[in-house]
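Here's the structure, in structure tokens; my notes come after.
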Amino acid sequence: MRKDTLHKLTTLNNSDLMRLLKAIATKLHQPVPSVYLHSEEERLARAAVKICQQNTLSIEQINSWLDILIEIERRPSGLLIWDNFEKYPWRKILTSPTKQLCAYRNIQNFLRSFYFQWEMAENTIEKQHPVQQLIYQALQFIETGFCNSVRGFFLNP
């Protein structure tokens, strides 16, 4: 979003704001041939911060959007046994085609950027800390879901 268009967010209702957030999630979920190279995730995160700063969306709406963002479609199959797959579904991405792995990395980088941009933004809304906690939980889910540092990615059969 260009700076001169960000002020127009104040004229949008909750439905419009949620539609914008869902469009960001859809964009990030698209399989791509490489990770974003030109700070695309930074610009998307800046737009998401501005949208959430409008102070019209509820904590539940923001949490719902973050759930959509970290939702995984693939389920384990084949000979691999997945340790706590329901807790760490992002592990399945390791066997995905490169384009899906790039999408995972883009989501991961977006969440990192979103977290720090939210923390550094001049937020005066009462939801500042709760929203930051939600972003952190989403980031923690996607980070720890990728690797079990104690036992690796798979259980031995």
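Taking 0.36 nm per intervening residue step and subtracting the Cα-Cα distance, what contour gain separates S64 from N13 on full extension?
16.7 nm
Taking the simple approach of a point 7 Å from Cα along Cα-to-Cβ for both E71 and L37, what is their distance in nm?
In this crude label model, E71 to L37 measures out at 3.2 nm.
Here, each number is a calculation from the coordinates, and none is a lab measurement. The model shown is predicted, which means the values in this text are computed figures rather than measured ones. When we count neighbours, we look across all protein chains shown, and the Cβ atoms used for this are built from the backbone with ideal geometry, even at glycine.
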